[in-house]
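Below is one structure, written out as structure tokens, with a few remarks after it.
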Amino acid sequence: MAPVTKAVAAPTDIAGLVAGYHHVRAHTRALAAPLSAEDAMLQSMPEASPAKWHLAHTTWFFERMVLGADERHVPLRPDWDVLHNSYYHSLGRFHRRTARGLLSRPSLAEVLAYRDEVDARMEAVLAGGRLGAGRSTALVLGLHHEQQHQELLLADIKHALSCNPLQPAYDPGLQREPTPAASRHWTGFDEALVEIGAPAWPREGAPFAYDNESPVHRVQVGAFELASLPVTNAEYRDFVEDAGYREPRLWLSDGWERVATEGWNRPLYWEPGLDAEFTLAGPRALDPDAPVVHLSYYEADAFARWAGARLPTEFEWERAAAPLPVAGNFDPRRLHPGGPAPAVPPGCPQRVFGDVWEWTSSSYAPYPGFRPLAGAAGEYNGKFMSGQQVLRGGSCASPDGHLRASYRNFFPPGARWQFSGLRLARDRA
Ligand SMILES: [Fe+2]
């Protein structure tokens, strides 16, 4: 897969919007290029979606939110609306998420043709400079939305391919470099009143941020220490070999229930011998110094307890990350945690962005004064603020240019198929 340049984040000028649109749309196509039509319709579990659906849904989003905002637009495939609407009650009916893998029609070729047609319409609109404020806002949201689905596409196809006894690679040509061994240290932070979050976009004219990141508010954060690196495969293997999955006192009750009912005894894609794992390049030897990946919140929490530490709150995490450049392992030629990491100033935590999403101990909840976006986009984030945990930092499957220190990802605590790991924290003595 060819490398791509960093995405245009959130421009409001037409030239920037055109460049951002071309970049994001082309990157999705590049990510889907290694997949056959059969691959692209696999749905291996209720929470995952077929790649074909991701390709169609992201396109539908632009058609409904941008093209459809002009009353002169004639819907291209109104009969498909029910298939590709994900969860927007305000935009009509939608097919069951759990049954997306049953949609053999439209074919992959038809979906790709639909993408081309929407792209042509979008480019005509952009070329004519006929975007008003409302539609340019929807376009920027659509670009960030599609970037989220780029990562979901990779996580979902990885799970689907892992279910095949042949252990097929998504792309056998993905690169891998060993992770340099590094000793972990603790960075200390004094108690402070910390500014958390991002200004509301687009209301405050600030750079793009999702509505769940605003408003900016102050939080009293006690003294704490944060590990300089995420937990590694070698460290997590010690936990497994120390009977970590057989000691109920390490686990939250719900987590222990999952261990018992689902037979968890190692990270999702590890081989029973604890020496290899399934990757998007197929099975590979475990890199001992790479960040451990594909853990649930329950596993991350149990490991932290075993290690005599805890997970950071999302506020502790953001406080540590805010001064750092958003740089890390986002290379689409790798798509796996580990390898060389960018240098950071002495004493600062490393691998904060990229590699693995880091589970926090914070429940996904609205910030004080939270206001969802107007219109249908108001269903994007706020209605999911129940029963989920916040993850921070981004992963090796996140598109470069998509992230920031205030970014809040969220998944149910039992989710393992995302590129999720952990970083330890502890109270400061
Ligand atoms: Fe979506």
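The values are calculated or read from the model by the stated rules, or taken from the named source; none is laboratory data. Computed from a prediction, not measured in an experiment: that's the story for all the values here. For neighbour counting, all protein chains shown are included, and Cβ atoms are generated from backbone atoms with ideal geometry for every residue, glycine included.
Residues of region 47-72 that are away from the ligand (no atom under 16 Å from the Cβ) and touching a residue at least 24 places away in the same chain (Cβ under 8 Å): LEU67, ALA69, ASP70. Taking residues in region 410-426 that are modelled with pLDDT of 95 or more, and partners anywhere that are surrounded by fewer than 21 Cβ atoms within 10 Å (Cβ to Cβ) and among the basic types (Lys, Arg), the pairs with Cβ atoms closer than 6 Å and at least 6 places apart or on different chains are GLY414/ARG258; ALA425/ARG310.
Only residues that are hydroxyl-bearing (Ser, Thr, Tyr) and either more than 23 Å from GLY134 (Cα to Cα) or free of Cβ contacts under 8 Å to residues at least 24 places away in the same chain (or both): list them for region 372-406, please. Correct list: SER386, SER395, SER398, SER406. Residues in region 259-294 that are within 17 Å of PHE239 (Cβ to Cβ) and touching a strand residue (DSSP E or B) at 6+ places or on another chain (Cβ under 6 Å): 8 in all.
The set of residues from region 158-185 being of a type in the set (Ser, Thr, Tyr) and surrounded by fewer than 13 Cβ atoms within 10 Å (Cβ to Cβ) comprises just one member, SER183.
Please verify whether PRO283 is within 24 Å of the chain's Cα centre (by Cα) and assigned to a loop (DSSP other than H, G, I, E, B), treating the condition exactly as stated. For PRO283, the condition - within 24 Å of the chain's Cα centre (by Cα) and assigned to a loop (DSSP other than H, G, I, E, B) - is not met. Take region 311-357 and flag every residue that is assigned to a loop (DSSP other than H, G, I, E, B) and closer than 18 Å to ILE196 by Cβ. Scanning region 311-357 gives LEU311, PRO312, THR313, ALA322, PRO323, LEU324, VAL326, PRO349, VAL352.
Looking at region 90-144, which of the residues that are among the small types (Gly, Ala, Ser) and buried (at least 20 other Cβ atoms within 10 Å of the Cβ) is nearest to ARG203 (Cα to Cα)? Even if it seems obvious, please write down each step before you answer.
Taking region 90-144 and keeping what is among the small types (Gly, Ala, Ser), we get 90, 92, 99, 101, 104, 107, 109, 113, 120, 124, 127-129, 132-134, 136, 138, 142.
Of the ones still in play, those that are also buried (at least 20 other Cβ atoms within 10 Å of the Cβ) are 138, 142.
On the way: ALA138: 13, GLY142: 17 Å.
Checking each candidate, the answer is ALA138.
Taken over region 262-272, residues that are in a loop (DSSP other than H, G, I, E, B) and either hydroxyl-bearing (Ser, Thr, Tyr) or within 23 Å of TYR170 (Cα to Cα) (or both) amount to 6.
Scanning region 21-40 for residues that are surrounded by fewer than 21 Cβ atoms within 10 Å (Cβ to Cβ), in a loop (DSSP other than H, G, I, E, B) and in contact (Cβ under 8 Å) with a residue 60 or more places away in the chain turns up just one, PRO34.
Could you look through region 108-155, keep only residues that are under 23 Å from ARG72 (Cα atoms) and polar (S, T, N, Q), and pick out the one that is farthest from the ligand (Cβ to nearest atom)? By that ranking, first place goes to SER136. Among the residues of region 408-429, the ones that are among the small types (Gly, Ala, Ser) and in contact with a strand residue (DSSP E or B) (Cβ under 8 Å, 6 or more places away or on another chain) come to 3 in all.
Quick check on VAL352: is it within 25 Å of LEU280 (Cβ to Cβ), β-branched (Val, Ile, Thr) and in contact (Cβ under 8 Å) with a residue 12 or more places away in the chain? If you could, list the steps in order and put the result at the bottom.
On the way: within 25 Å of LEU280 (Cβ to Cβ): yes; β-branched (Val, Ile, Thr): yes; in contact (Cβ under 8 Å) with a residue 12 or more places away in the chain: yes.
Yes; evaluated as a whole, the condition is true for this residue.
For region 186-234, the set of residues classified as surrounded by 17 or more Cβ atoms within 10 Å (Cβ to Cβ) and at positive phi consists of GLY197 only. In this structure, is ARG305 under 22 Å from GLU195 (Cα atoms), charged (D, E, K, R) and over 20 Å from the mean Cα position of the chain (by Cα)? Criteria not met by ARG305.
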